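Here the structure comes first, spelled out in structure tokens, and everything after it is commentary.
Any read-out appearing in this document is the output of simple, stated calculations on the displayed coordinates, not a laboratory observation. What you see is a predicted model, and the numbers here were worked out from it, not measured in a lab. Neighbour counts are summed over all protein chains in view; Cβ atoms, including those assigned to glycine, are modelled from backbone coordinates with ideal geometry.
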Amino acid sequence: MTIDTDSARKRLQARQADLRKLSAGSAAARQTVTLDQQSVGRLSRMDALQQQAMAEANERARANELSRIKAALRRIETGDYGYCLGCGEDIAVKRLDVDPSAALCVDCAAKG
Ligand SMILES: [Zn+2]
């Protein structure tokens, strides 16, 4: 079974671009909450803090995915793409289809 690394690379790069765009778009939401205490009540301040926390969590998830994508792109360059980092076996093509950045086979992923 051969893996189409060209299409995997394209998908990874497209996702990478999307994530970077999303990240740039949410930069404002992640800025430290500096609300005018006189114009906003306590509740809306809590709302703002909550939104900021959510934006930060999303950003962490994006950073996480970006580093997985980067690692997958590196594996494509080095010819290691498609092999499980845990056991060295082939990662199922179907699995890579669902998540081109997958670094582990199903078994190793299940083991955590
Ligand atoms: Zn494995």
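For the range 2-11, 3J(HN,Hα) computed residue by residue from phi via the Karplus equation (6.51, -1.76, 1.60; θ = phi - 60°) reads 9, 9, 7, 5, 4, 6, 4, 4, 4, 5 Hz, glycine and proline entered as x. Converting phi to 3J(HN,Hα) with the Karplus coefficients 6.51, -1.76 and 1.60 and the offset θ = phi - 60°, the range 82-96 yields x, 9, 5, 6, x, 10, x, 6, 4, 8, 4, 4, 4, 5, 5 Hz in sequence order, with x at every glycine or proline. If you take every residue apart from S67 with its C-beta less than 12 Å away from the C-beta of S67, what net charge results, scoring Lys and Arg +1 and Asp and Glu -1? Net charge in that neighbourhood comes out at +4. Among residues other than A55 with Cβ under 14 Å from its Cβ, the summed charge is 0 (Lys and Arg +1, Asp and Glu -1).
In the chain, helices alone account for a calculated mean residue ellipticity at 222 nm of -21000 deg cm²/dmol, with every DSSP H run of four or more residues adding -39,500 (n - 2.57). Annotation: amide H-H contacts under 5 Å for I91 (H modelled 1.01 Å from N, sequence separation of 5 or more, or interchain): Y83, C84.
Rounded to the nearest 0.05, the FRET efficiency derived from the C-beta distance between A24 and L85 at R0 = 35 Å is 0.70.
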